[in-house]
Every structure is written in C-alpha cells, then in structure tokens.
1. Based solely on C-alpha atoms, express the radius of gyration and the Dmax of chain A in angstrom.
2. Helix A:145-154 versus the longest principal axis of chain A: what is the Cα-based angle in degrees, 0 to 90, to the nearest 10?
3. Report for chain B the percent antiparallel among DSSP-assigned beta bridges with both residues inside it, nearest 5.
4. For A:366, A:268, A:263, what's the fewest-to-most ordering of other Cβ within 10 Å of each Cβ?
5. Is the C-alpha gyration tensor of chain B telling us rounded, prolate or oblate? Criteria: a/c under 1.5 is rounded; beyond that, a/b larger than b/c is prolate, otherwise oblate.
6. Once you wrap a convex hull around the alpha carbon atoms of the range B:206-261, what is its projected area averaged over all directions, in nm²?
7. For A:109, B:135, B:251, what's the fewest-to-most ordering of other Cβ within 10 Å of each Cβ?
8. Could you give the distance between the Cα centres of the range A:319-339 and the range A:147-168, to the whole Å?
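Every number in this text was worked out from the coordinates using simple rules, so none of it is lab data. Predicted model only: the values in this text are computed from it and were never measured. Cβ coordinates were reconstructed from backbone atoms using ideal geometry, including for glycine residues, and neighbour counts include every protein chain displayed.
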Ligand SMILES: Nc1ncnc2c1ncn2[C@@H]1O[C@H](COP(=O)(O)OP(=O)(O)OP(=O)(O)O)[C@@H](O)[C@H]1O
Ligand SMILES: [Mg+2]
C-alpha cells in the first residue's frame, strides 16, 4: 500500500524557512525546513515521508565531512614515506605506483578507516549515554565501561597471555560485564542519570585498583604490552580491523538514529515522556544497550581511547545549537576528532599512541567542563 | 483527530452507567502508591466531558499521584482507569497520548533547548518513523504557540525566560499534543497573581473551545472562580465533589486543609471566596487602623 502511494506520488520538497513569524527581539536563526516526499496532489498534509531538516545541521554536517576529507588526505599523504596529494587521490581510485599502493592501501588506509569508524562509534555511543544520563559527564569513559574493558583485557594479557583477538574479546566482555553491573547497581525504581554516573565512577575506581594490581603482578613484557593496550592505539590496524567495525556501525548507527528522536523527548523527564506515549524503560534500556555495543566495538578495535565519547556529543551540540542526542553529528564529530588526533600522533617521530593525544586533549576539556558546570552551580 | 475516539466497547466490567457512558475519563476502585504502600486507596472518580475540573487538597494528599495515574504515567496497585470505555493501561501508550495530555508538576527541560524545539517535541505521539514532521505537526505547533502567546519567543532559549513565559511555553507544548483531554499539574506555581490569572484565562479559553481540562491548583479562590467541577482531596481520598458553589463550605475547608475560615461570595463572579480567619493580634491591628 505504501509502495503504491510512493510510486504514484510526486516528490514535493518545499523549503519553508520558518514555521512561525520571525521573533521580534532576536535575530531569527536558521530555522528547520520541512521536507515532504510523496505529497499527494490536492491533499495537503498527507505525505509518505516528511521530516524536518535543520539548515544549520546540514551546514555542520557538510563542514565535518569536509574536515574529515582533509584529515584523511593528509593522513594518507604524510608519514615516513611522503606521498604527494595528487598521487594519493590517484592511488585511492585504483591507480598509482606499486609502492604507493602498498603504503596507502595496505598500511595507511585501513588505519585511517579504523580511526574514522572507531571515532564515529565513540561519538554516537557517547551521545546516547549523555542523553540517557542527561549529563555531559555520562560517557563510557567516565561511568566505568572503559575501566571494565581494561580489566578484561589485562586479565587476558597478564594471566592468560592471549592473542590480540583474545585481548579484544576480553575487553568487550569486561566492558559489558561492568556496564551490566553498573546498570543493575544503579537501578532502583528505574535508572536515573546521576545515580548511573556516581555508581559508574565508584565501580570504575574499584576496577582501577584491580587493574593496578594486575599490572604490578605482571612480568615486564606483559606490563609493557598491557600499558600500550591501555592507552588506546591505532598502530598497525589492518583491514581485519576495518571489516568488523564497519559491520558494527552499519547495524548500530541506524539503530541509534532510529531512537534518537524519542531520546530527545526522554530528556524532558520520565513523567512527560510517558505522557507523550514513550515506553520509557524500554527506550532507556535500548539506548544503553546500543551505546554499550558501540563503545564495546570501539574498544575491541582500538583499546579504551578516552575523551572522544565525552567531547564529540558536546562539540556536536554546540555546533548545531540543538538540544537532544544529535547522534549522527556526534558520530561525525567523533570520527573527525579521532582521525585528527591520530594524524597529530603520527607527527611524533616515535609514533605516539593516539590515546595519549586524546587523553591530553581530554584532560584539558574535562577541566574546562567541570569548571563550567561548577560555575553554573551544579553538583 | 485519531479515528479511535469514543469506541463504544461494551466492556462487561459490571459498572454503573455513570462511569463509562458519559465520561471519557474515569477511574474505579483505584489504589495507587509507591513501593507497595498505598497513597490513594479505593478511589472512584470521573471527569465530566467538557468540564474544567480542578483538584484541590493539602500538600502530599495525592493530587499529583491521582493525575499521573489518570494519565497512564503511573500504574495503579489495584483498580482501573478507563479512557473511552477501555482500561487505559491496556491501550498502546501512543494511542493514549493522542487523546490525553499531561503537563506534570515542575517539568525540567534540557540545557540549551529553544522554545520552538520544546514545543515541537509535544508532537511526538503523532509522528512515526516515516512521518517525522508533517504539515499537521507544523500547524499544531503554530496554533499552540499562537494560543499561548509564545510565537515571539520561538527562537529564545528556555533558560532565558521568566517563570511566567516558561509556563506558557510548557502549556504550548501540551497544546501541540492536540488532545481532547488535558491534565495540568499546578500550571500556576511560581507565578505572580497577574500571571496566574493569565494562565487560567488561557485555560478557560481552551475549555470554552471544547477541551476537557483537569488542573491541580492551590489557590482556592481562583479554583472556585474557574472550575465548573471541583474535586477536594484529603489523605488520598475524595472529600467532596461538585460545583464549587455547592461544595465549598467552611466545614469542608476546615476538614481538608485544617484551616478555620469564612466563605463569602466573590464580588466579581459570585463564586465562593475563602477567607482564612485571622488570629487575634492581626485582627486588632486591622480594626484599629
Ligand atoms: N516518587 C515517589 N516515591 C515515593 N513516594 C512518593 C513519590 N511521589 C509522591 N510520593 C508520596 O506520595 C504522597 C502523595 O504525593 P503527591 O505528589 O501525589 O502529593 P500532592 O498532593 O501532589 O502534593 P503537592 O501539593 O505538594 O504537589 C506524598 O506523601 C509523597 O511523599
Ligand atoms: Mg503535586
């Protein structure tokens, strides 16, 4: 039925700049426009697909994509072996010298794609977490997920002496177990934002102690590889990392987008959202599940890279000037951030792990965020 | 509106004619509480269609609890809420939300949300995966903002508004939901007298336009002035129901609020005016000046 309407319908994309007359005092900002596809002639108000498109969000998305492309080009071009930009383009599109092809498609491209995908997963996951906890601190790195993943990985590295894949699996299991523990500890007549964060910080502190103990007990060799894993790194990520992460994104990003409008309503509080017809517990559970899965996939690929999940949603929110989860913009911002950080990390002659760069940025950002929250009189 | 209004399903619940036939919204045998402890015990209530019902009662007597249960936000321990003859908790939540709206007590908005964005979120029950923003949504938002006089504020951030403006914006959001029944929990708290009157005048206009309104109010005199149906609650039970002119007596107020008072006619409207008795020192001062 829907298909029939769709086929016989014309596409009617009407751009309306404002839904209401422009405000008098304040300069009218870019208002969302209404896009209607499949409008039926003579029946206004009926269309198959209709949605609101914020011009500002479109501009932000375009800018982030452009930034991502520039960073990608630079990443593929720079390094110990320099490839001129023109050759980069030729090589990416299947041409170019054998050496260029080897350097770019075998070494640099998979690492870049891993960075972009991991960054997107962290950004989108962070957006979901922050929306559900209604707090900019509610990201996987703060509420114990990353520490739990580290515990899982450390157990594999120092006690079982497993392979890289086993380490990743251990990390994912550790993160999921921690997330589940935090969720059930925080659950008392429903899960609430601050409790989730406080319980998460508590559980995270506990696991940090465990991690410290595991590191002290470990042999020097194990401790070294554990430390490298713990900081989060993209060194040597090949195509075998790109595939699974892309697959995870292909499933999880649409899911995140799908629930994001309802999450915007959930930010208005439980009573109001129930009054607006939301299944609050189901939605919160789904959002946390998708968020944890995104964080877990990122951790499996790159280790616990800090800061991106925390800051990407805030950057997206400030760029779009829109409240709500901003899932897709957060994903883009995360991708740009991580790829940019990795590009910066690679400028160091010794090859800095990307986690060091994001940790430094993250520390500064966190201090700034906390001081702002404090000044606003929040706990 | 939704095609599912006033379904005449003859649910054999064995109730009197008055519960479901003339009242879209009613509750029977309602016991509601938190953590298994009842706050409301065995309560029967119905909301007359097209009425402006006001619920009054002391702090903590269960007004919000009742309103939240009527709106399907809270599940009762026992008993049933009926909407259009059907048990409300068995209906799909979105379907309920297209017929009945709730503005809770003291709602909080996320940081940095604009007025237009907030009001637009009231359209959620009318949207789905494909129709995320239709002409009907746009019209509803425009009308709701015009009715509440918030059109000018569309681009302002909610945190930058005064309490009265903010309250009007929340009302706009509830209006954008376009429901025939609207439940408002203390829509006038934190407002000065002029703004209280302004909000209640708005409610009266909505009522005159055919909506069924249920509001919790603390100002008895305004409640008597605007309500055509008053529900007085005490300790989770209904103490009196009826037209304000018939039920508001010094005995009832003493009973419900523990406040000795006189009740006279409002010189403006003829509705009851509750005047608390003054303790001696105040009275002497007043008479000597
Ligand atoms: N979420 C909750 N958990 C536990 N107890 C609650 C909860 N909400 C309300 N109560 C209790 O239920 C009783 C009734 O509360 P309710 O909010 O319905 O009162 P109210 O009549 O709306 O009061 P007010 O005029 O102050 O808004 C109070 O004793 C209150 O302590
Ligand atoms: Mg209350």
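1. 22.6, 77
2. 30 degrees
3. Working: 25 of 43 bridges.
Close to 60 percent.
4. Details: A:366 18, A:268 26, A:263 23.
In increasing order of surrounding Cβ atoms, one gets A:366, A:263, A:268.
5. Values: a/c = 1.95, a/b = 1.22, b/c = 1.60.
Here chain B falls in the oblate category.
6. Working: hull surface 16.2 nm².
Reported value for the Cα convex hull: 4.1 nm².
7. Details: A:109 20, B:135 17, B:251 11.
Taking fewest neighbouring Cβ atoms as first place, the list is B:251, B:135, A:109.
8. Value for the Cα centre distance between the two parts: 31 Å.
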